[in-house]
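This report concerns only the one structure given below.
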Amino acid sequence: MRRAILAVLVFAAACRSPTTSEQELCARAAAMFGTCETFDEAGSDGPIMKDIALDRWRGLCRAVLTGKTEQLSASTLELWQSMDEPTKASLRQQAECGAKATTCAEYAKCGE
């Protein structure tokens with residue numbers, strides 16, 4: 001029994017990928033985005049649409065920081081490919097600033 005438990009724990013630890021600094025930054029930026037931005041959450045699909053917007057923001061954030069786009073959905077990848085370099089640079093700045101913000105007032109200053 002101990003061996004089985006140990007095997008499960010070792011397997012779980014081996015399958016868990018480490019969190020990168022980019023993922024952490026984007027998670028913090030997405031949390032502030034979700035807290036401070038206004039979303040239309042009316043209707044049965046409102047909360048789902050908010051989650052989709054947050055996932056899209058996290059994906060674009062990671063893409064702008066790492067240049068990797070494999071994790072993007074088809075529609076988000078299309079959006080990414082339509083962005084010019086100044087837009088991507090602005091997105092990067094917004095993500096870095098948003099990740100540092102601790103209040104919505106600080107977050108709002110990131111967009112100025």
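The values are calculated or read from the model by the stated rules, or taken from the named source; none is laboratory data. Source: prediction; values computed, not measured. Note that we place each Cβ from the backbone using ideal geometry, even for glycine, and neighbour counts take in every protein chain shown.
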Residues of segment 56-86 that turn out to be surrounded by 12 or more Cβ atoms within 10 Å (Cβ to Cβ) and of a type in the set (S, T, N, Q), as a count: 5
Enumerated helices (runs of 4 or more DSSP H) restricted to segment 70-112, each holding at least 1 residues that are in contact with a helix residue (DSSP H, G or I) (Cβ under 7 Å, 6 or more places away or on another chain), without any contact (Cβ under 8 Å) to a residue 24 or more places away in the chain and over 14 Å from ARG28 (Cβ atoms): 74-82
Test set (1) of a type in the set (A, V, I, L, M); (2) modelled with pLDDT under 95; (3) surrounded by 17 or more Cβ atoms within 10 Å (Cβ to Cβ) - MET49 fails condition number: (3)
